[in-house]
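What follows is a short report on a single structure.
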Amino acid sequence: MLSRLLTAAAPSSAVVQGGPTLARCLGAAAFRRCFSSAQTAAAAVTKTEGKSTIQGTSYNVVKFKQEDVGEVVKEVPHFQFYYIGGEHKDNKYRDVPLDIPILTDVPAPQLKKPEMKFSVLENGMRIVSVDKQGLTANLGLFVHAGSRFETPAEEGLSHMVECVAFRSTAHLSHLRTIKTIEVLGMNGGCQAGREHMMYNLELLREYTPVASTLVVGNVLFPRLLPWEVNACHKEIKKAHERLKADTDQYVSELLHQTAYHNNTLGNALLANEGRALEHFTGDNIREYMMKHFSAERSVFVGINVDHDELCKWLMRSFAEYVAIPNLPREEPKPIYTGGYKLEENADMPVCNIAIGFETEGWNSADLVPVTVLQTLLGGGGSFSTGGPGKGMHSRLYLNVLNQNPNVESCMAFNTQYSDSGLFGMYITGYGQEAPRLVDIALNELHKLNSFTPEEVSRAKNTLKGNIFMNAENSKVLMEDIGRQIIMSGKVVTPEEFAARVDAVTEADLKKVAAKLLKKNPTYVVYGDTKSAPHYEYVRTGLAGSPAKGK
């Protein structure tokens, strides 16, 4: 049974197992071929019944119910543009001049604070939504998988799953999938991270029934056709070229691979070009998905959607689907090694230097002080974009960028995962200035043993402002909720996080800074490395007194 659920041939039995409603929503011809009886059973949802507590969060349990598919399809949003060859005359507003409003006056709704709602399917998949009454919805399916869970035999398969997303499924061809996204004005993609994968779509909220089933279909029923998988091999080379072109991101990748040498969070995000043809096959990708893509490891997040409607259509996608069993898998703890890596790039005149330290991760009590510490250090480029004065009072702007014209950029970074993370400084300048750049970074790290009340207050206010500003962005909010559920099983709201920020004291910052600097540093240099100091210079410099440079 399970081997047919992700079959490459997509026989009619696989379509039946996929749920007739999905086929009806996204492929009328396939529906007519597979279902001749009007009484074919489809999945629906009842009112939420009972509660379930998962990792401290209470969820409404939504149960399955059989329903007449003929009644179900009446609820599918009507969109004639879906059919290839549809004409623009179908647009009823085509002949309306731009100076004539098309919306009628309606009473303004009563404003109320959006509520975050939680439900869980019977198969274990969690659903979280926030309805801010916006016209544009954001949907995301998060899976607790990624490069940190790859074994040596699975190296690069997370990236390949990203590459084959939104291609042919048991219900839709690749062309039909792209046409559906195109004519409904949706925007989406798939992103493979280190400990989560995200399928996301942005759309008009009335098309949520179509979009939610489209996402689920891509996860449950990918056909993984040989020619489509082979076409994705070309994407691997392009992905490496894009990574190399983004220096900051490339240095971050080098930093992870050095800090966690050959384990978990140090596994490469991108697939290896040399293994593409013989290793990245449809069978290997399917086996990887069968191993990691269980319902219990999945979270579906919706912003600007009705929670009950979202649950209903997700139920209809999953009800007749025999879920992938939640097989036990090895989840080794990250082993932070520290160390150094110097990578020369003859075409780059500048030297990019990162010095990082291990943090205890998202679920640590040090999370908030570390985040405040990063904001206090701040930093940026020698040219400030986004308006004058942005971040100009942070410590790295005042002490480094304003006083050292040879520094192109200097900033603090803070990357958090569920049980580990990286905090440190990233500084850039011309290659011959590398020793001075390292001295500058070491001096600023040594100064983390003292803080003024004014800069601590400014950092806390800046951090709270950033949190609330980012929460206004629906896509950012969707990603934040999904990642938090994956990392900790619960969601910390902006208000709760702001309260924790207010509680941080100068003593907390000194304590966490001292703890960080005791760790073995990770030292990465990329670009013009000929003048870069040795790792021992950095290590002993951190252990001893500050260097003489500013």
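Hey, does the range 453-462 have a residue that's touching a Cys at 6+ places or on another chain (Cβ under 6 Å) and in a helix (DSSP H, G or I)?
no
Tell me, please, whether a residue that is at pLDDT 95 or above and polar (S, T, N, Q) can be found in the range 254-261.
Within the range 254-261, one or more residues are at pLDDT 95 or above and polar (S, T, N, Q).
Within the range 418-431, is there a residue that is farther than 30 Å from PRO332 by Cα, surrounded by 14 or more Cβ atoms within 10 Å (Cβ to Cβ) and out of contact with any Cys (no Cβ under 8 Å at 6 or more places or on another chain)?
Within the range 418-431 (the criterion being farther than 30 Å from PRO332 by Cα, surrounded by 14 or more Cβ atoms within 10 Å (Cβ to Cβ) and out of contact with any Cys (no Cβ under 8 Å at 6 or more places or on another chain)), the answer is no, since none of the residues qualifies.
Could you tell me whether the range 187-195 includes any residue that is in a strand (DSSP E or B), among the polar types (S, T, N, Q) and under 16 Å from LEU157 (Cβ atoms)?
yes
Count, please, the residues in the range 200-251 that happen to be outside any helix (DSSP H, G or I) and either touching a residue at least 24 places away in the same chain (Cβ under 8 Å) or of a type in the set (Val, Ile, Thr) (or both).
So the count comes out to 10.
Looking only at residues in the range 141-186 that are β-branched (Val, Ile, Thr) and outside any helix (DSSP H, G or I), which one is farthest from SER420 (Cα to Cα)?
THR169
Quick one: would you say ALA434 is touching a Cys at 6+ places or on another chain (Cβ under 6 Å) and part of a helix (DSSP H, G or I)?
Yes, satisfied.
What is the number of the single condition among (1) at pLDDT 95 or above; (2) within 20 Å of MET425 (Cβ to Cβ) that ASN449 does not meet?
(1)
Identify, from the list LEU139, LEU175, LEU111, LEU103, the residue that is over 17 Å from the mean Cα position of the chain (by Cα) and modelled with pLDDT of 90 or more.
The unique qualifying residue is LEU175.
Looking at MET478, MET469, which is the one that is in contact (Cβ under 8 Å) with a residue 12 or more places away in the chain, under 30 Å from VAL301 (Cα atoms) and not assigned by TED's automatic domain parsing to the domain that holds ASN200? So that I can check it myself, show each step before the final result.
Values: MET469 fails: in contact (Cβ under 8 Å) with a residue 12 or more places away in the chain.
So the residue among MET478, MET469 that is in contact (Cβ under 8 Å) with a residue 12 or more places away in the chain, under 30 Å from VAL301 (Cα atoms) and not assigned by TED's automatic domain parsing to the domain that holds ASN200 is MET478.
Select from the range 261-277 the residues that are assigned to a loop (DSSP other than H, G, I, E, B) and in contact (Cβ under 8 Å) with a residue 24 or more places away in the chain and write down the one among them that is nearest to the chain's Cα centre (by Cα).
Here the residue is LEU269.
When you go through PHE118, PHE79, PHE149 one by one, which is the residue that is assigned by TED's automatic domain parsing to the domain that holds LYS179, surrounded by 14 or more Cβ atoms within 10 Å (Cβ to Cβ) and modelled with pLDDT under 85?
Just one listed residue meets the conditions, PHE79.
Within the range 304-334, can you find the residues that are under 23 Å from the mean Cα position of the chain (by Cα) and closer than 29 Å to HIS256 by Cβ?
ILE324, ASN326, ARG329, GLU330, GLU331, PRO332, LYS333, PRO334, listed by residue number.
Return the only residue of MET186, MET160 being surrounded by 23 or more Cβ atoms within 10 Å (Cβ to Cβ), in the same structural domain as LYS237 (by TED's automatic domain parsing) and more than 14 Å from the chain's Cα centre (by Cα).
MET160
Quick test of your reading of the structure: CYS232 fulfils all but one of (1) in contact with a Phe, Trp or Tyr (Cβ under 6 Å, 6 or more places away or on another chain); (2) modelled with pLDDT under 95. Name the failing condition by number.
If we test CYS232 against (1) in contact with a Phe, Trp or Tyr (Cβ under 6 Å, 6 or more places away or on another chain); (2) modelled with pLDDT under 95, just (1) comes out false.
Given LYS530, LYS515, which one is modelled with pLDDT of 95 or more, over 30 Å from PHE142 (Cα atoms) and part of a helix (DSSP H, G or I)? Step through it out loud before you land on a result.
Numbers: LYS530 fails: part of a helix (DSSP H, G or I).
Answer to the check: LYS515.
Looking at the range 346-370 only, could you name the residues that are farther than 29 Å from THR540 by Cβ and either touching a residue at least 60 places away in the same chain (Cβ under 8 Å) or surrounded by 23 or more Cβ atoms within 10 Å (Cβ to Cβ) (or both)?
Answer for the range 346-370, where residues must be farther than 29 Å from THR540 by Cβ and either touching a residue at least 60 places away in the same chain (Cβ under 8 Å) or surrounded by 23 or more Cβ atoms within 10 Å (Cβ to Cβ) (or both): TRP362, ASN363, VAL368.
List pairs: first residue in the range 135-157 and touching a residue at least 12 places away in the same chain (Cβ under 8 Å) and more than 16 Å from MET197 (Cβ to Cβ), second residue in a helix (DSSP H, G or I) and among the hydroxyl-bearing types (Ser, Thr, Tyr) anywhere in the structure, Cβ distance under 9 angstrom, at least six positions apart or on different chains.
Sorted first by the residue in the range 135-157, then by its partner, the pairs are THR136/SER474; ALA137/TYR207; ALA137/THR208; ALA137/SER474; ASN138/SER474.
Go through the range 423-461 and give me each residue that's among the small types (Gly, Ala, Ser), out of contact with any strand residue (DSSP E or B) (no Cβ under 6 Å at 6 or more places or on another chain) and touching a residue at least 12 places away in the same chain (Cβ under 8 Å).
Restricting attention to the range 423-461, the residues satisfying the condition of being among the small types (Gly, Ala, Ser) are 424, 429, 431, 434, 441, 450, 457, 459.
With the extra rule that they be out of contact with any strand residue (DSSP E or B) (no Cβ under 6 Å at 6 or more places or on another chain), the set shrinks to 450, 457, 459.
Hits for the range 423-461 are SER450, ALA459.
The values are calculated or read from the model by the stated rules, or taken from the named source; none is laboratory data. Note that this is a predicted model, so its numbers are computed, not measured. Because the Cβ atoms are built from the backbone with ideal geometry, glycine has one as well, and the counts that use them run over all protein chains shown.
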